[in-house]
Structure formats: C-alpha cells, structure tokens
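The values are calculated or read from the model by the stated rules, or taken from the named source; none is laboratory data. As the structure is a computational prediction, the values presented were derived from the model and not from experiment. All Cβ positions, even for glycine, are placed from backbone atoms using ideal geometry, and neighbour counts span all protein chains on display. Areas reflect the complete protein model, heavy atoms only, side chains present, ligands, DNA and RNA absent. Shrake-Rupley method; radii C 1.70, N 1.55, O 1.52, S 1.80 Å.
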Amino acid sequence: MKVQVCIIGGGPSGLLLSQLLHLQGIDTIILEKYSREHVLARIRAGVLEHGFARLMREAQCGERMDREGEVHHGFHIAHDGVLDHVDLQKYSGGNSVLVYGQTEITRDLYDARDRLGGKVVHNAEDVTAHDIASEKPFVTYRSGGQTVRVDCDFVTGADGFHGVSRKSIPADKLREYERVYPFGWLGVLSRTRPVSPELIYVKHERGFALCSMRSQVLSRYYLQVPLTDKTDDWSDDAFWAELKRRLPTEAAARLITGPSIEKSIAALRSFVAEPMRYGRLFLAGDAAHIVPPTGARGLNTAGSDVYYLYHALLDHYKKGDDRGLDGYSANALARVWKAQRFSWWMTMLLHRFPDRLAYDDRLQQTDMAYLFSSEAALRSLAENYVGLPF
C-alpha cells in the first residue's frame, strides 16, 4: 500500500498526529505492535498542559476531556512538617493545568480514528523501516503470516523508548544522553475519593510520595521505593500504611483507602536522543526522550513534538515549504531539554537519594526554603509546570 505518512506506534503521540493530519487530507497509517486492549491497559500520566488540550480540541477529540477533565489552579508540596501551596494561576499569569488520564486521551483518539475510518493496524509484528535516508522510504510488517509493505513519503517513529524507530538510525549518527535514578515509583490506582482536590507532592525523610487523581472517584498514589522492590512485596495494607507515614498529619487523617485496581513499579530515567530526524524518519515522544514523571512533562513534551511535526508536514504538503521539516529536530529538542531540566530539578528537590551526602541534604533544604521565599522562584516553577509555549 502507499500512504503519505507511516506512523510506527499507536500510543497517544502517533494517534494524535494521525488524527490531525487526516483532518487536513493527509493520508496516514498507524502500525502498532500490541492490541488495542493492551495499549488501553497502560496506566500513565494525567496532568495536561493547556497547549496539549488545545491540540486535542484541534483534532476534534476534546469534547469528553473538557467535560470530565478537572482544571487545577495549583498544587501542594509537603515538606518539613508543613503543607505549602503553589498557586499556578497567580504565578503563571492566569494559567492552569487539566487533570485527565492518558488512558482516556488514548481512548478518545482511538474513537476519533474509528469515526474517520483511520487506518490502524494492531498486532503488527517485525515492523521495520527501510531506506529512510532515501527519498522513497518504506516500512514492512508481518500480519497473519504475511509480510506487508507500506510505501510512504515520511516515517514517524512514535513507538516508545523500546521501539524499533530509534534503533533504525545508524549508531554513528545518533547521540544519546541518559541518567538513571536509583529508585522507582510504586503506583496504586484505587476507586476512592482523592485525599485532596489538588495534587500533593511529598518530600519526606522516608522518601517521596505523590497524591494524584484521575477523577473525583478514582485516585492515583505513588511511593518512592528501591529499584529492588517488586509489586508482590507490597500488599495494599502495607502501601496505605507507608503512604500515611509520609503524608502530613491532616492529609493522612483524610485519606480514604480501598483495594488497588492496578499496581506497578516504574523505574525513573532521564533520556534524550539527538537528532530527532534522520533522513525521512522523524522521532516523537518516548522514542526520542524520557523524563521522570515528577514534573508531569512526559505526555506534554510528546505533544509539543506532535505540534512541531504536524505543522512541518502541513507546510510541506500544502505550501511546498520544507523549513519546518528541516528545523524539526532543533525546534523540538529546544523544548525537550527545557522539560528535561525542569523534571530533573523537581526530582532532585523532592526525592531521598540513597547515596546522598549531608551536603546534598542541606542543599535540598536550602532549595526548598528558597522556593517558598521567592516570588521569582515560584514564577519559574509555575511557568514550567503549566507548560512553556510551543
């Protein structure tokens, strides 16, 4: 078959790009390694920048998001026995964030692709990009024991950190930057009312914690745990008991507990691959960069990739203008590295590092004290949290 853009990866990045391009008359196909059920079973982030929300609306996928998502004008940081509030609206010039789960984003995008008859191939095996340095790239995959060839103008790699797209770029053409953190996040999803109407980030002697939510009846909580821990090591009772230990007294007293409906441990890493373009292949989202979830930048940074690539492809097909394609990697990476810096800073500020020095502890305490004594520091935090402009 022949399409204009072949997209590898059926997560939110690939789906959003495909939907936006389809609405502009640009033909795409999505090749996804797993089943739709598997993709929708992934539990991921839930804090959206308004820039990402605007892209969803432009893609005609924002109706349920706007109806069910919750606008948050701030969040809390618990530290040293106090609960401080970060007023995003005050310090970012009136901006806020939208709490709406990534799973729901993905479901809305799949529904939109179905409505428009979008081409999405699930369980695509052995996906391989060919001749990406030429003007006539193509992608092959296996389905039902047969090999299928897709000829295209461009290939988008939106297949995540472990996908095939980034590995298609010759090693001598790619530079990778990585930091792996010495702990993970144990996450629990429960059908309980959230402990707070806004997120609570917790810096505690026993380790970081986060109280988040997906709705008024669905809560998402996290604990910092050693990388050696397994989910089987943590019963529900043990999780709730440890979370209460790390929460401020008044929050712990309000915490409603219940059976977990999902439990997982995610390792934390910072990662960037440069460049994000090689020939006719363009990387987007986790295929090119990973951030620790502390700053809620992962999905949002993928959204900015989609924004730049969508407009670059639009200019190519509608105007014959390739400046956006030529500048895609530099434009995307400029914002990626700012998201990396912010996520790294939030992670360093709030977590307990096992190999820390007393000097590190004092710097962390000083950084926290400075944050809540300086309007300039709070403005910087708020500006980055609500999302830098595309």
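When His162 is tested against the conditions (1) assigned to a loop (DSSP other than H, G, I, E, B); (2) in contact with a strand residue (DSSP E or B) (Cβ under 8 Å, 6 or more places away or on another chain), the lone failure is (2). When we screen Arg149, Arg142, Arg166 for residues that are among the charged types (D, E, K, R) and touching a helix residue (DSSP H, G or I) at 6+ places or on another chain (Cβ under 7 Å), the only hit is Arg166. Taking residues in the stretch 239-266 that are in contact (Cβ under 8 Å) with a residue 12 or more places away in the chain, and partners anywhere that are open to solvent by less than 70 Å² (accessible area, probe 1.4 Å) and assigned to a loop (DSSP other than H, G, I, E, B), the pairs with Cβ atoms closer than 6 Å and at least 6 places apart or on different chains are Trp240/Thr257; Arg246/His204; Ala251/Val195; Arg254/Val195; Leu255/Val195; Ile256/Thr192; Gly258/Thr192; Glu262/Ile43. Of all residue pairs spaced 6 or more apart or on separate chains, those with beta-carbon atoms under 7 Å, a first member in the stretch 337-354 that is under 14 Å from Ala296 (Cα atoms) and open to solvent by less than 20 Å² (accessible area, probe 1.4 Å) and a second member that is among the β-branched types (Val, Ile, Thr) and not in a helix (DSSP H, G or I) are Ala339/Val291; Gln340/Val272; Gln340/Val291; Ser343/Val291. From Gly298, Gly285, which residue is on the phi > 0 side of the Ramachandran plot and in contact (Cβ under 8 Å) with a residue 60 or more places away in the chain? Going through Gly298, Gly285 in turn, just one is on the phi > 0 side of the Ramachandran plot and in contact (Cβ under 8 Å) with a residue 60 or more places away in the chain: Gly285.
Checking each residue in the stretch 333-373 for being in a loop (DSSP other than H, G, I, E, B), under 20 Å from Glu383 (Cβ atoms) and of a type outside the set (A, V, I, L, M, F, W, C) picks out only Ser373.
Run down Gly74, Gly69 and say which single residue is small (Gly, Ala, Ser) and buried (at least 21 other Cβ atoms within 10 Å of the Cβ).
One residue alone meets the criteria, Gly69.
Residue pairs whose Cβ atoms lie under 8 Å apart, sitting 6 or more positions apart in sequence or on different chains, and linking a residue in the stretch 26-52 that is within 12 Å of Gly11 (Cα to Cα) to a partner that is open to solvent by 60 Å² or more (accessible area, probe 1.4 Å), are Ile30/Lys119; Glu32/Asn123; Lys33/Asn123; Lys33/Glu125; Tyr34/Asn123; Ser35/Asn123; Leu40/Arg107. Scoring Val86 on the criteria (1) touching a helix residue (DSSP H, G or I) at 6+ places or on another chain (Cβ under 8 Å); (2) farther than 22 Å from His351 by Cβ; (3) of a type in the set (A, V, I, L, M) leaves a single failure, condition (2). Applying the set (1) closer than 24 Å to Val272 by Cβ; (2) hydrophobic (A, V, I, L, M, F, W, C); (3) modelled with pLDDT of 95 or more; (4) buried (at least 16 other Cβ atoms within 10 Å of the Cβ) to Phe390 leaves exactly one unmet item: (3).
The number of residues in the stretch 93-102 being open to solvent by less than 20 Å² (accessible area, probe 1.4 Å) and either outside any strand (DSSP E or B) or small (Gly, Ala, Ser) (or both) comes to 3.
Of all the listed residues (Arg115, Arg54, Arg64, Arg36), the sole one being surrounded by fewer than 17 Cβ atoms within 10 Å (Cβ to Cβ) and closer than 20 Å to Ala287 by Cβ is Arg36.
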